[in-house]
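Following: one structure in structure tokens, then a few remarks.
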């Protein structure tokens with residue numbers, strides 16, 4: 001299974017899945033998208049791992065994930081269904097539509113290209129009528145013919161961008177520091193961020209954090225539902241995707257830069273995660289870029 005979530009933006013620059021309830025026993029995985037994702041939580045409990053930080057899931061919260069931003073959503077309880085609305089959009093294509101809306105166009109550029117002070121907006125529903133808005137558009141989209149969905153998606157996105165524009169920079173809301181598993185998990189995530197391009201040794205990670213190998217593995221899996229190796233590999237593939245899409249580095253150089261200096265090993269690991277070889281991925285991204293540049297504005 002591919003761990004990079006490909007959305008077909010050639011078919012449509014905006015995709016919406018509104019009021020979707022996760023299957024019982026929902027178990028996410030570390031992944032990332034080519035475009036921007038807005039995730040609004042209607043119901044559910046759990047955690048989100050993003051940028052070496054663990055956040056709690058609470059109803060009424062909006063999460064914003066930038067292009068190629070590695071994240072993982074874990075719903076913890078079966079008694080509280082995980083229901084969410086998700087909007088994926090290709091910012092380069094949407095930017096043309098927003099050109100005549102000065103502040104919205106500027107806001108889009110910020111959430112697209114800037115280093116944001118926060119990706120988590122708690123109490124979003126208490127400040128904006130987002131629940132009735134999503135319910136309204138969910139009803140409209142169910143009745144709309146295929147050719148009418150793009151205009152509805154665009155109108156919904158513009159309204160959400162208006163809400164975000166009024167948010168400003170809110171402090172990131174982490175799990176309480178008193179939670180030892182959360183603080184250790186974040187330390188593990190930060191260690192991987194600094195060392196993912198090196199040969200991995202669990203012993204070194206544990207030693208650097210003054211923990212046993214057992215505690216490193218146990219605490220991380222307890223908090224995220226996945227192994228340390230899962231995250232390490234996801235981080236390497238994420239960086240490889242960025243380098244393949246945005247640089248002229250050779251395939252071998254990209255592999256070496258992300259921790260896979262043996263080309264055949266890099267290719268096999270990459271294919272497990274992305275369902276294509278590094279060369280195929282680079283070619284696909286080049287075609288996507290060319291198609292975006294040819295889109296009318």
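The values are calculated or read from the model by the stated rules, or taken from the named source; none is laboratory data. This structure is a prediction, so every number in the text was calculated from the model and none was measured. Positions of Cβ are backbone-derived with ideal geometry, glycine not excepted, and every protein chain shown enters the neighbour counts.
Of all residues in the stretch 142-161, those that are over 21 Å from residue 112 (Cα atoms) have Cβ atoms under 8 Å from Cβ atoms of residues that are not in a helix (DSSP H, G or I), 6 or more apart or on another chain, in 149/12; 152/144. All of 223, 203 fail the test of being assigned to a helix (DSSP H, G or I) and buried (at least 20 other Cβ atoms within 10 Å of the Cβ), apart from 223. On the given criteria, is residue 237 touching a strand residue (DSSP E or B) at 6+ places or on another chain (Cβ under 9 Å), surrounded by 15 or more Cβ atoms within 10 Å (Cβ to Cβ) and either modelled with pLDDT of 90 or more or farther than 24 Å from residue 72 by Cα (or both)? Answer is yes for this residue. Could you tell me whether the stretch 264-271 includes any residue that is closer than 27 Å to residue 75 by Cα, surrounded by 15 or more Cβ atoms within 10 Å (Cβ to Cβ) and without any contact (Cβ under 8 Å) to a residue 24 or more places away in the chain? No, the stretch 264-271 contains no residue that is closer than 27 Å to residue 75 by Cα, surrounded by 15 or more Cβ atoms within 10 Å (Cβ to Cβ) and without any contact (Cβ under 8 Å) to a residue 24 or more places away in the chain. Within the bounds of the stretch 131-141, is there any residue that is within 30 Å of residue 285 (Cβ to Cβ) and either in contact (Cβ under 8 Å) with a residue 60 or more places away in the chain or assigned by TED's automatic domain parsing to the domain that holds residue 64 (or both)? Checked against the condition, which is being within 30 Å of residue 285 (Cβ to Cβ) and either in contact (Cβ under 8 Å) with a residue 60 or more places away in the chain or assigned by TED's automatic domain parsing to the domain that holds residue 64 (or both), the stretch 131-141 yields at least one hit. Of the conditions (1) farther than 22 Å from residue 167 by Cβ; (2) within 17 Å of the chain's Cα centre (by Cα), residue 87 clears all except one; give me its number. With (1) farther than 22 Å from residue 167 by Cβ; (2) within 17 Å of the chain's Cα centre (by Cα) applied to residue 87, the lone miss is (1). Of everything in the stretch 65-83 that is buried (at least 20 other Cβ atoms within 10 Å of the Cβ) and touching a residue at least 60 places away in the same chain (Cβ under 8 Å), the residue that is farthest from residue 117 (Cα to Cα) is 82.
If we scan the stretch 82-103, do we find a residue that is modelled with pLDDT under 90 and touching a strand residue (DSSP E or B) at 6+ places or on another chain (Cβ under 6 Å)? Yes, the stretch 82-103 contains a residue that is modelled with pLDDT under 90 and touching a strand residue (DSSP E or B) at 6+ places or on another chain (Cβ under 6 Å).
For the stretch 102-123, residues that are touching a residue at least 24 places away in the same chain (Cβ under 8 Å) and in a loop (DSSP other than H, G, I, E, B) total 6.
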